[in-house]
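Participant: Here it is: the structure, laid out below.
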Amino acid sequence: MPKSTPHGSSNPGLPSLSHRTFISPGYNWLEMSWPTIGFCVVIIGVILATQTGRNMLGSMADALHHIVVPSDSAAVRETDRVLIVTANPNRQLEISATLSPRGLDPLLARDLAGAGSQLAAHSQAVRLAVVDGALPDAGAVVRRLKSALPADRIVVLLASCRHEDVGQLLLDRL
């Protein structure tokens, strides 16, 4: 009969229970959690990206681009503008109230000379021109604008145009 060891091992080639050690992976809690944390961050990022839309992602990409790529300070781009040609203050107000919240700063002119000077000063920034058809020289203003802007960026508001229709007419042109 084989001789037994003090801790119950009957085979002399095997270590006793007191000498057995359990092999652990050697990670602490924080090290084992990194894959889980990373997975959660990716899921949260995907959810935020789908909920906020492309505008937020595009603005984040633009901000990152401006941080990484140095820009020439002399090439500062002027904000988009709308040229409003009318002598009617109520018309000016309703056009400005419709387009200003959409990022178009108003440039005001009352006649052909005013429209020409505004175009000369801000020709690259004028995105849209709105002409009140009730002006006596509205035809001349439109011809002058067509020489500087594409026809689809010129809106003529006829005298018969109702107040309720102006906003939708302008928004359709944006």
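Participant: Need the failing condition index for ALA121 against (1) part of a helix (DSSP H, G or I); (2) hydrophobic (A, V, I, L, M, F, W, C); (3) under 19 Å from LEU174 (Cα atoms), just the number.
Facilitator: Of (1) part of a helix (DSSP H, G or I); (2) hydrophobic (A, V, I, L, M, F, W, C); (3) under 19 Å from LEU174 (Cα atoms), only one is false for ALA121: (3).
Participant: Oh, and also: Return a yes/no flag: does region 78-88 have any residue that is in contact (Cβ under 8 Å) with a residue 12 or more places away in the chain, over 24 Å from the mean Cα position of the chain (by Cα) and assigned to a helix (DSSP H, G or I).
Facilitator: The answer is no; no qualifying residue exists.
Participant: Hey, another quick one. Only one of these conditions is not met by ARG127: (1) closer than 12 Å to ILE84 by Cα; (2) charged (D, E, K, R); (3) part of a helix (DSSP H, G or I). Which number is it?
Facilitator: Among (1) closer than 12 Å to ILE84 by Cα; (2) charged (D, E, K, R); (3) part of a helix (DSSP H, G or I), the lone unmet condition for ARG127 is (3).
Participant: Is one or more of the residues making up region 59-66 at pLDDT below 70 and within 27 Å of PRO150 (Cα to Cα)?
Facilitator: Scanning region 59-66, I find no residue that is at pLDDT below 70 and within 27 Å of PRO150 (Cα to Cα), so the answer is no.
Participant: A further question follows. Among the residues of region 120-137, which ones are without any contact (Cβ under 8 Å) to a residue 40 or more places away in the chain, of a type in the set (Gly, Ala, Ser) and under 21 Å from ASN90 (Cα atoms)?
Facilitator: GLY133
The values are calculated or read from the model by the stated rules, or taken from the named source; none is laboratory data. Note that the structure is a prediction, hence the values are computed from the model and not measured. Cβ sites come from the backbone with ideal geometry, for glycine too, and all protein chains shown count toward neighbours.
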